[in-house]
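Working notes for the structure below.
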Amino acid sequence: MSPEMIQPINSFVDTMISSKEMFEAVKVQISQKDAAVTNCIEKLKKEIASLLSEGIETEDEELQRLCDDTKKNLQVLLTGVTEDMRKTQKGTEFIKKYEQSFNVAVFGKVKAGKSYLGNFIMGNEIRDLGIETSYNKLPRPTVEVHDRGNISVEEKMAEITEEGQDGFGVAANEATSAIQLFRLGGLTWFDTPGIGSLTWDNEMLAKEYVDNADLVVFACNSDAAGTRQDFTEMRTLHEKGKPFLLLLTQSDTLEEDCDENDPNKIISILVAKNSKDRSDTENYMVRELKKDGIYLKEKELLTISAKLAMTALEEGNRERFGESNMDKFLQVLTDITKTEGAKMKKETPNKRINATIGEILKRLDETIHTFQTYEKDLKEKQKSMSTRGDLLLSQMYQDCLNRADTLIRQKAVQVEETGSSITADELGTMLSEEIHKVLLNTCADEFTNSLQILSDYTVHLEGMSDIKQKKDVISYTVKTVERIPRDPEGLFEHIGHFFGRQYYSIHRDTEERFTEIDLGVNEQQVMSIAHGQLNRLFQEEVPGLMKKISEHYLQQISKLFQASVEILKKTQTELEGLKC
């Protein structure tokens, strides 16, 4: 066996052995900010629970929908942050449990060869070849399988191959549905369920372990690298600040050749993919990642084939072992462990709490954005109510005119029949009561809870006139002729006076006299005054009253929006200040 083939394996294993003592001495400091974040979220949960407990009911279907949707979103947010904090607590327990090792989580889609890779790193397959390496300095590792609270021990990591059967380190009918791990000196290697696997729970389990690992190895099958999901997951890792290596796996192919011992026999030989295909795939991945602001260093992107490396070791083929690039991958792990491992280990808790804060901030942003959309709907509702209010004003004004005219006519008949009159104060009181009834009934039909406002509002029509019989006075001239006794004049009149005769003088005069004519009751005059008072009322008072009713009608849902956004923004500010 060529020493050049064994050297990177020995260097890697020796580093893992020597690092064990180093990582055992590392004491991970769980930041006090964990408790501060927990307190912040507990306060948020209490405030949301208080909002959810408030009963808001309206007969308006649109407003009720907004209210119900708002509460539903608050409940979804509450559930989400509760789950985030559960994962945080679980992550803290994970970090404490594995604080004395360098934790590497392998992550990626199903059929990416993650378990092939893990079995190679574990070294049992190399031991079984009888090759003398530094693996022999360690007890033979076993695989711990953690499956829904149950722990079992296996000799190899399991994964379904693309063909679903025979493969290196693979059981024919097994699938990675749980966490598999092994320890190698100071290294703990975690194999996670593949994204896109059989169940959503498996994916979530994988992501929980990835969030708490010190280093992530993201594996992509080189035949199908660069899917949308690949880039989404790597972007998420980058946003969380997780250090990761990108491996393009299974970079090998079969070539047919003649058997040296039997020229007539065709055999298949496993070889590396050609360098152009590898280079094209790597360049594509680099370009696409740069679009997301992810700039990988040279050592952080490798194209490998664990299967080709194992075949090369079996055959003692140095060239093919080099083409597998597994020596380069082992060297990268060796260098990281030696130079950055302890630092990365200490940074993991802070990155985890930052990732939690980031997830919660994202939820808060999404909820606030949703509420802002609801507020736009509410403003549209206000506009609609304003338009409807204008129509309602016109309707109420006409109803009030009709009610006033009807009342005045009724009272005019009463005055005409009885001859009595109705004073301006009496009429003003009766008209005010009628107008208040119109406002009360109309608004109650249109706006729920308007009675509360209208019950405190009084209508007072001023400047009314008495309802009474209307009379007119007509003047006319009367001519009068009056005989006024006078003394006799002359001889003959004196002789006649002596015998008893009376003499008169004629006085003619004119006299202006007046007579009162009944013209009926003054209802038209009173109606005109009433119309003027109603015009004033509907110009100066009623529009403001309608606005007040509208605001009251929307007050509860508006208050819910404002209180919700205020709580969420306050929590955002507090969480931003807790980032490590």
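Among 302, 296, which is among the aliphatic types (A, V, I, L, M), crowded, with 16+ Cβ neighbours inside 10 Å and modelled with pLDDT of 95 or more?
Numbers: 296 fails: modelled with pLDDT of 95 or more.
Being among the aliphatic types (A, V, I, L, M), crowded, with 16+ Cβ neighbours inside 10 Å and modelled with pLDDT of 95 or more holds for just one of 302, 296, which is 302.
From 404, 424, grab the single residue that is at pLDDT below 90, out of contact with any strand residue (DSSP E or B) (no Cβ under 8 Å at 6 or more places or on another chain) and on the phi < 0 side of the Ramachandran plot.
On the way: 404 fails: at pLDDT below 90.
Of 404, 424, the one residue that is at pLDDT below 90, out of contact with any strand residue (DSSP E or B) (no Cβ under 8 Å at 6 or more places or on another chain) and on the phi < 0 side of the Ramachandran plot is 424.
Out of all the residues in the stretch 133-149, which are in a loop (DSSP other than H, G, I, E, B) and touching a residue at least 40 places away in the same chain (Cβ under 8 Å)? Explain how you work it out, then say what you get.
Restricting attention to the stretch 133-149, the residues satisfying the condition of being in a loop (DSSP other than H, G, I, E, B) are 133, 138-142, 148-149.
Listed by number, the residues that qualify are 133, 138, 141, 142.
Filter the stretch 374-395 down to residues that are out of contact with any Phe, Trp or Tyr (no Cβ under 8 Å at 6 or more places or on another chain) and in contact (Cβ under 8 Å) with a residue 12 or more places away in the chain and give me whichever is farthest from residue 536 (Cα to Cα). Reasoning before the result, please.
Filtering the stretch 374-395 for residues out of contact with any Phe, Trp or Tyr (no Cβ under 8 Å at 6 or more places or on another chain) gives 376-377, 379-384, 386-392, 394-395.
The next check asks that each one be in contact (Cβ under 8 Å) with a residue 12 or more places away in the chain; those that pass are 377, 381-382, 386, 388-389, 392, 395.
Values: 377: 34, 381: 29, 382: 26, 386: 21, 388: 21, 389: 18, 392: 17, 395: 16 Å.
Ranking the candidates gives 377 first.
Regarding residue 295, is this residue in contact with a Gly (Cβ under 8 Å, 6 or more places away or on another chain) and in the same structural domain as residue 233 (by TED's automatic domain parsing)?
Details: in contact with a Gly (Cβ under 8 Å, 6 or more places away or on another chain): no; in the same structural domain as residue 233 (by TED's automatic domain parsing): yes.
Spelling it out, it is not the case that residue 295 is in contact with a Gly (Cβ under 8 Å, 6 or more places away or on another chain) and in the same structural domain as residue 233 (by TED's automatic domain parsing).
Can you work out which of the residues in the stretch 91-116 that are β-branched (Val, Ile, Thr) and part of a helix (DSSP H, G or I) is nearest to the chain's Cα centre (by Cα)?
Restricting attention to the stretch 91-116, the residues satisfying the condition of being β-branched (Val, Ile, Thr) are 92, 95, 104, 106, 110.
From what's left, part of a helix (DSSP H, G or I): 92, 95.
On the way: 92: 28, 95: 31 Å.
In this case the residue turns out to be 92.
Determine which member of the set 346, 411 is in contact (Cβ under 8 Å) with a residue 40 or more places away in the chain and buried (at least 20 other Cβ atoms within 10 Å of the Cβ).
411
Please enumerate the residues belonging to the stretch 317-339 that are closer than 19 Å to residue 12 by Cβ and either of a type in the set (Gly, Ala, Ser) or not in a helix (DSSP H, G or I) (or both).
322, 324, 325, listed by residue number.
Quick check on the stretch 41-49. Is at least one of its residues in contact with a Phe, Trp or Tyr (Cβ under 8 Å, 6 or more places away or on another chain) and part of a helix (DSSP H, G or I)?
For the stretch 41-49, residues in contact with a Phe, Trp or Tyr (Cβ under 8 Å, 6 or more places away or on another chain) and part of a helix (DSSP H, G or I): absent.
With 337, 311, 348 as the choices, which residue is under 30 Å from residue 92 (Cβ atoms), polar (S, T, N, Q) and at pLDDT 90 or above?
On the way: 311 fails: under 30 Å from residue 92 (Cβ atoms); 348 fails: at pLDDT 90 or above.
Being under 30 Å from residue 92 (Cβ atoms), polar (S, T, N, Q) and at pLDDT 90 or above holds for just one of 337, 311, 348, which is 337.
In the stretch 153-181, what residues are modelled with pLDDT of 50 or more and surrounded by 12 or more Cβ atoms within 10 Å (Cβ to Cβ)? So that I can check it myself, show each step before the final result.
Kept after step one, since they are modelled with pLDDT of 50 or more, are these residues of the stretch 153-181: 153-159, 177-181.
Listed by number, the residues that qualify are 154, 155, 156, 157, 158, 159, 177, 178, 179, 180, 181.
Step by step: first the residues of the stretch 383-398, then only those that are surrounded by fewer than 16 Cβ atoms within 10 Å (Cβ to Cβ) and in contact with a Ser or Thr (Cβ under 8 Å, 6 or more places away or on another chain), then the one that is modelled with the lowest pLDDT. Which residue is that? First the steps, then the outcome.
Of the stretch 383-398, the ones surrounded by fewer than 16 Cβ atoms within 10 Å (Cβ to Cβ) are 383-384, 386-388, 390-391, 394-395, 398.
Applying the additional criterion that residues be in contact with a Ser or Thr (Cβ under 8 Å, 6 or more places away or on another chain) yields 386, 395.
Numbers: 386: 73, 395: 87.
Among those residues, the one meeting the criterion is 386.
So that you can scan it fast, the table gives a plain yes or no per residue for (1) of a type outside the set (Phe, Trp, Tyr); (2) closer than 18 Å to residue 117 by Cβ; (3) assigned to a strand (DSSP E or B):
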| site | (1), (2), (3) |
| --- | --- |
| 219 | yes, yes, yes |
| 225 | yes, yes, no |
| 231 | no, no, no |
| 235 | yes, no, no |
| 238 | yes, no, no |
| 242 | yes, no, no |
| 248 | yes, yes, yes |
| 254 | yes, no, yes |
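So, in the stretch 1-43, how many residues would count as being acidic (Asp, Glu) and surrounded by 15 or more Cβ atoms within 10 Å (Cβ to Cβ)? Can you show your working first?
The first filter runs over the stretch 1-43 and keeps only residues acidic (Asp, Glu), leaving 4, 14, 21, 24, 34, 42.
Now narrow it down to the ones that are surrounded by 15 or more Cβ atoms within 10 Å (Cβ to Cβ): 14, 34.
Within the stretch 1-43, residues that are acidic (Asp, Glu) and surrounded by 15 or more Cβ atoms within 10 Å (Cβ to Cβ) number 2.
The values are calculated or read from the model by the stated rules, or taken from the named source; none is laboratory data. Source: prediction; values computed, not measured. Cβ coordinates were reconstructed from backbone atoms using ideal geometry, including for glycine residues, and neighbour counts include every protein chain displayed.
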